[in-house]
Amino acid sequence: MKPAVSKILRLLAAVAGVLLLLGGVAGGWFYSRVRASLPQLDGTSAVAGLAAPVKVERDAQGVPTVRGQSRADVSRALGWLHAQERFFQMDLLRRSSAGELAELFGAAALPRDRAARMHGFRKLAQTVLTRLPTTERAQLDAYTAGVNAGLAALAEKPFEYLVLRTSPRPWSAEDSVLVIYSMTMDLQDPVDRHEQTLMVLRDTFGEEAVAFFAPAMTPADAALDGSTAPRAPVPGPNVIDLRKRPKPAVTLAPAAPADDGAGFPFPRRDPEAALGSNAFALAGAHTASGAALLASDPHLNHAVPNIWYRASLEWPGHQLTGVTLPGTFALVIGSNRHIAWGLTVAYADTGDLIVLQTNPISPRLYTAPGHDELVAVEQRHETILVKGAEPVTATYDWTIWGPVVTTNEKKRPVVYRWTAHDPAATNFAYTSLEDATTVADAVAIAHRSGIPAHNFLVADTAGNIAWTIVGALPKRVGYDGRLPTSWAFGDRRWEGLLPPDEYPVVTTKGAGLPAESPAAGGRLWSANQRQIGGTGFAKIGDGGYYRPSRAAQIRDRLAPLEGAAPKDLLAIQLDDRALFLAPYQKLLLDTLTPAVVAEKKSRAELRVLVEKWEGRATVDSVSYRLVREFREAVRARVFLPIFEPCLDTGPAFVWRNLPLEDALWTMLREKPAHLLNPAFPNWDAVLVAAADDVVTAIEKQGETLAGATWGKRNTSRIRHPFSYAMPAFLTNWLNYPAHPLPGDNDLPRVQSPTHGASMRLVVSPGRENEAFFHMPGGQSGHPLSPYFRAGHESWENGDPTPLLPGRTEHTLELKP
């Protein structure tokens, strides 16, 4: 080797060595800083404001038991723990509803911030604080002080802020209100796309089409009172006639929409996922113990860390166990030894679209009752801080009823009136459940609680159970609120919020409650379906209920249970039987006749695989995945041509969320010629094309039909928010390993790659030692904590792990 070349190589080696050394030093420094931000587990820590010492004992999964001498001290200690384990998560929650994410993440978060700022939730939160009763404000102030004390007690700021090169902003009392608003925005649509969808459907085709394609009640409903409704007739050719369309109708489902950043830095919601939850209960007459038995598994988007923080909270006369929401001091779901409670998204109609009657000459003026003169549309300006860029000003049109969110087919402004915009709809009264001893106590508290509207199921030690709605509902006058209308003349309006004594209740006899109807056979179930008919339904309204198949499967599993124990309800939560898809399996086999199969080789293989019907959404099932793909293909082939004019109006029309199941089977049975896609000669050809779509879809994913298991499609993607903002090689260490999971949307074990059970709880109040609990992810949001993934495998496997914390492994004392 020439001396000059050798010298260059030695120089390069030296440079590489220096770079590696520097990289190692930098990596070591970063690791040491990340490690310094770990929560304190043992020893003592001084917390100003405590009236007496508080002991925090953690078990092998990091679940704390917090023991204090007063609720205020326990609230302060819980805030301290939340800050140490989950502050960045809390920060994202408050910023999400306030529209302040771009201040952390830069311009990529602007779409989400713009959407949130329209509602002015930070100012609303400040107003809510002024209305809180003294007792609620005292607990909130103690919690807030605890959060800031816990944050200050860390040796280093939470590691996320090291990565972002910024410092965490202290917590304030209004931030806890913003956390409630963040959940409201997640669980309710801030622009009411459900009603916008109904509006477009009505304006395009008329009332007959709404009755058929979007019925408020169906023959298959699984309501608690047994209420159903007959199906509406198929709209005639005078309403829709595809044979007269001026251009060929579409035949394939459009590609998934590109990510426009509206979800950043959170995952975009899986469009096939069923936002909601399961909760069900058995009265004591049907349990082995004689105490009522309750199960609750809320379904939310998966993330690192999990939305819930487990805790047991104890002070004289109180023992609470369940889950808390970081950013608030309440036990959200759990037990207080006297009652146990669970929640599901109610899909109540908590908002209405109002068509403005504007002046034709001055379109920014509109008519409003009680005003002699026309009222001007107000412009509200919001300044959004953007990391690494100049601030951005967003402007919104507002009226006396709410913000303008869209226009109708006549280009008139449409306003959204939403309970969330009323400060009276938000409070912390829900925390009073910790003092309730009966279902009657709990229901009364639920009716004055200011959280997003949920189905509330509660059970007590006396064996009683009850269902009602918790959270604010509007009191409508003159209309049902399902479709947009004008409020210009005052005959259609809200008279504030629904009074507590008007909320519907379903309960067992002897519970001491006036009930809309008795709990059928001592059983209650909720899976985001319409819960009740009659006057109760009129008060709750239609916010876009989920189809009743999942609720019916739970109802039917509950029906024969006698002498039930917690394991029996956990088995229902883990039920992955595909009863909903069984008719589609038969339809696919009926479609693949010998003549059809003879035309194409792939159809023969498809038929053979579908004949091996396991009837369950298991990870190794091929037939489940193929039949599921067939159902989606049939829906697209049938409905996309029909809804093409609606889709042309814009993205607010979300046809997949309409209750189309009964309409689909009616059309397949009656085969109306005027609703047949003109690309096909007959309805049988539509089904054959859908069968071929299954093969095409699997092949496009690089799989063979025989190897297309459900587990390959339903593999978990549980990721840290950083993974949506940074390269994978920098963030993979923060994410949970991908894992094939059983379950799907239309059966009790709800699961998709990014969405599913955020926890599973089964408990009889007073018998918590027999209760089960598991959740995805661990207690800590810190990747170096031993509790970062502790307990995650139990959730993946559906193991019946205990609700109560186990043997103490770490003890921390918080001192005044």
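The values are calculated or read from the model by the stated rules, or taken from the named source; none is laboratory data. Bear in mind the structure is a predicted one, so any value in this text is a computation, not a measurement. We place every Cβ from the backbone using ideal geometry, glycine too, and count neighbours over all the protein chains shown. Note: accessible area is taken over every heavy atom of the protein model, side chains too, but ligands, DNA and RNA are not part of it. Shrake-Rupley method; radii C 1.70, N 1.55, O 1.52, S 1.80 Å.
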Of the residues that sit in the range 786-813 and are open to solvent by less than 50 Å² (accessible area, probe 1.4 Å) and touching a Pro at 6+ places or on another chain (Cβ under 7 Å), which one is farthest from GLN89 (Cα to Cα)? TRP795
Does ASP397 satisfy being farther than 30 Å from LEU331 by Cα, among the acidic types (Asp, Glu) and at pLDDT 95 or above? yes
Looking at (1) in a helix (DSSP H, G or I); (2) surrounded by fewer than 21 Cβ atoms within 10 Å (Cβ to Cβ); (3) not acidic (Asp, Glu), find the lone condition where PRO168 falls short. (1)
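Keeping to the range 380-399, report how many residues are surrounded by fewer than 16 Cβ atoms within 10 Å (Cβ to Cβ) and under 20 Å from GLY351 (Cβ atoms).
If we filter the range 380-399 for residues that are surrounded by fewer than 16 Cβ atoms within 10 Å (Cβ to Cβ), which is where we start, we get 380-381, 383, 385, 388-391, 393, 395.
Right, trim to under 20 Å from GLY351 (Cβ atoms) and you get 380.
Number of matching residues: 1.
Would you tally the residues in the range 697-730 being part of a helix (DSSP H, G or I), of a type in the set (Ser, Thr, Tyr) and either open to solvent by 50 Å² or more (accessible area, probe 1.4 Å) or touching a Lys or Arg at 6+ places or on another chain (Cβ under 7 Å) (or both)? Even if it seems obvious, please write down each step before you answer.
Within the range 697-730, the subset part of a helix (DSSP H, G or I) is 697-700, 710-713, 721-724, 728-730.
Subset that is of a type in the set (Ser, Thr, Tyr): 723-724.
Pick out the ones that are also either open to solvent by 50 Å² or more (accessible area, probe 1.4 Å) or touching a Lys or Arg at 6+ places or on another chain (Cβ under 7 Å) (or both) and you get 724.
Residues in the range 697-730 being part of a helix (DSSP H, G or I), of a type in the set (Ser, Thr, Tyr) and either open to solvent by 50 Å² or more (accessible area, probe 1.4 Å) or touching a Lys or Arg at 6+ places or on another chain (Cβ under 7 Å) (or both): 1 in total.
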So ARG767 passes all but one of these: (1) open to solvent by 40 Å² or more (accessible area, probe 1.4 Å); (2) within 26 Å of the chain's Cα centre (by Cα). Which condition number does it fail? (2)
Give all pairs with beta carbons closer than 6 Å in which a residue from the range 619-647 that is on the phi > 0 side of the Ramachandran plot meets a residue that is surrounded by 20 or more Cβ atoms within 10 Å (Cβ to Cβ) and modelled with pLDDT of 95 or more; count only pairs at least 6 apart in sequence or on separate chains. none
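From the residues in the range 607-622 that are of a type outside the set (Ser, Thr, Tyr) and not in a helix (DSSP H, G or I), which one is surrounded by the fewest Cβ atoms within 10 Å (Cβ to Cβ)? Steps first, answer last, please.
The first filter runs over the range 607-622 and keeps only residues of a type outside the set (Ser, Thr, Tyr), leaving 607-617, 619-620, 622.
Now restrict to residues that are not in a helix (DSSP H, G or I): 612-617, 619-620.
Numbers: LYS612: 10, TRP613: 19, GLU614: 15, GLY615: 16, ARG616: 21, ALA617: 27, VAL619: 18, ASP620: 13.
Only one residue fits best here, namely LYS612.
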Residues being touching a Leu at 6+ places or on another chain (Cβ under 8 Å), assigned to a helix (DSSP H, G or I), open to solvent by 10 Å² or more (accessible area, probe 1.4 Å) and under 22 Å from ASN745 (Cα atoms): count how many of those fall in the range 554-584. 1
For a quick check of your reading of the model, give me the residue pairs whose first member lies in the range 534-547 and is surrounded by fewer than 20 Cβ atoms within 10 Å (Cβ to Cβ), whose second is of a type in the set (Lys, Arg) and part of a helix (DSSP H, G or I), with beta-carbon atoms closer than 7 Å and at least 6 apart or on different chains. none
Can you pull out the residues in the range 541-569 that are of a type in the set (A, V, I, L, M, F, W, C), touching a strand residue (DSSP E or B) at 6+ places or on another chain (Cβ under 6 Å) and farther than 26 Å from LEU581 by Cα? ALA564
Residue that is farthest from ALA232 (Cα to Cα) [pool: residues in the range 204-215 that are assigned to a loop (DSSP other than H, G, I, E, B) and either open to solvent by 10 Å² or more (accessible area, probe 1.4 Å) or of a type in the set (Lys, Arg) (or both)]: GLY206
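Matching residues to (1) in a loop (DSSP other than H, G, I, E, B); (2) modelled with pLDDT of 95 or more; (3) of a type in the set (Ser, Thr, Tyr); (4) open to solvent by less than 30 Å² (accessible area, probe 1.4 Å):
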site	(1), (2), (3), (4)
ARG656	no, no, no, no
HIS674	no, yes, no, yes
ASN677	yes, no, no, yes
ALA685	no, yes, no, yes
ALA689	no, yes, no, yes
VAL694	no, yes, no, yes
Being buried (at least 22 other Cβ atoms within 10 Å of the Cβ) and among the aliphatic types (A, V, I, L, M) is the filter; apply it to the range 623-637 and report the residue that is nearest to ASP241 (Cα to Cα). VAL634
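For the range 276-299, which residues satisfy the criterion of being among the hydrophobic types (A, V, I, L, M, F, W, C) and either surrounded by fewer than 24 Cβ atoms within 10 Å (Cβ to Cβ) or modelled with pLDDT under 95 (or both)? Walk me through it before giving the result.
Of the range 276-299, the ones among the hydrophobic types (A, V, I, L, M, F, W, C) are 279-283, 285, 288, 291-295.
Residues satisfying the conditions are ALA285, ALA288, ALA291.
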Among the residues in the range 740-757, are any within 30 Å of ASN464 (Cβ to Cβ), open to solvent by less than 50 Å² (accessible area, probe 1.4 Å) and not in a loop (DSSP other than H, G, I, E, B)? yes
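Each row is one residue, and each column tells you yes or no for (1) crowded, with 17+ Cβ neighbours inside 10 Å; (2) touching a Phe, Trp or Tyr at 6+ places or on another chain (Cβ under 7 Å); (3) in a helix (DSSP H, G or I).
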| site | (1), (2), (3) |
| --- | --- |
| ARG137 | no, no, yes |
| ALA142 | yes, no, yes |
| MET185 | yes, no, yes |
| PRO190 | yes, no, no |
| ARG202 | yes, no, yes |
Out of all the residues in the range 705-717, is one or more more than 29 Å from the chain's Cα centre (by Cα) and under 21 Å from THR593 (Cβ atoms)? yes
State whether the residues of the range 404-414 include one that is in contact with a Pro (Cβ under 8 Å, 6 or more places away or on another chain) and under 30 Å from GLY342 (Cβ atoms). no
Residue selected from the range 502-525 under the condition at pLDDT below 95 and of a type in the set (D, E, K, R), by the criterion farthest from the chain's Cα centre (by Cα): LYS509
How many residues of the range 44-82 are within 19 Å of THR144 (Cα to Cα), in a loop (DSSP other than H, G, I, E, B) and open to solvent by less than 10 Å² (accessible area, probe 1.4 Å)? The answer is 2
Pairs only if they're at least six apart or on different chains, beta carbon under 8 angstrom, first in the range 793-816 and within 16 Å of LEU313 (Cα to Cα) and outside any loop (DSSP other than H, G, I, E, B), second open to solvent by 60 Å² or more (accessible area, probe 1.4 Å) and among the polar types (S, T, N, Q); list them, first residue then second. LEU812/THR44; GLU813/THR44; LEU814/THR44
Considering only residues that are under 22 Å from HIS302 (Cβ atoms) and open to solvent by less than 30 Å² (accessible area, probe 1.4 Å), look in the range 106-134 and name the one that is modelled with the highest pLDDT. ALA116
Of the listed residues (ARG417, ARG448), the one being of a type outside the set (Gly, Ala, Ser), part of a strand (DSSP E or B) and either touching a residue at least 12 places away in the same chain (Cβ under 8 Å) or open to solvent by 20 Å² or more (accessible area, probe 1.4 Å) (or both) is ARG417
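Would you check if ILE469 is in contact with a strand residue (DSSP E or B) (Cβ under 7 Å, 6 or more places away or on another chain) and either part of a helix (DSSP H, G or I) or open to solvent by 20 Å² or more (accessible area, probe 1.4 Å) (or both)? Step through it out loud before you land on a result.
Numbers: in contact with a strand residue (DSSP E or B) (Cβ under 7 Å, 6 or more places away or on another chain): yes; either part of a helix (DSSP H, G or I) or open to solvent by 20 Å² or more (accessible area, probe 1.4 Å) (or both): no.
Judged against the criteria, ILE469 is not a match.
For the range 303-314, which positions are farther than 20 Å from THR184 by Cβ, of a type outside the set (Ser, Thr, Tyr) and buried (at least 21 other Cβ atoms within 10 Å of the Cβ)?
Those that are farther than 20 Å from THR184 by Cβ, of a type outside the set (Ser, Thr, Tyr) and buried (at least 21 other Cβ atoms within 10 Å of the Cβ): VAL304, PRO305, ARG310, ALA311, LEU313.
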In the range 348-379, anything open to solvent by 90 Å² or more (accessible area, probe 1.4 Å) and in a strand (DSSP E or B) is listed as GLN379
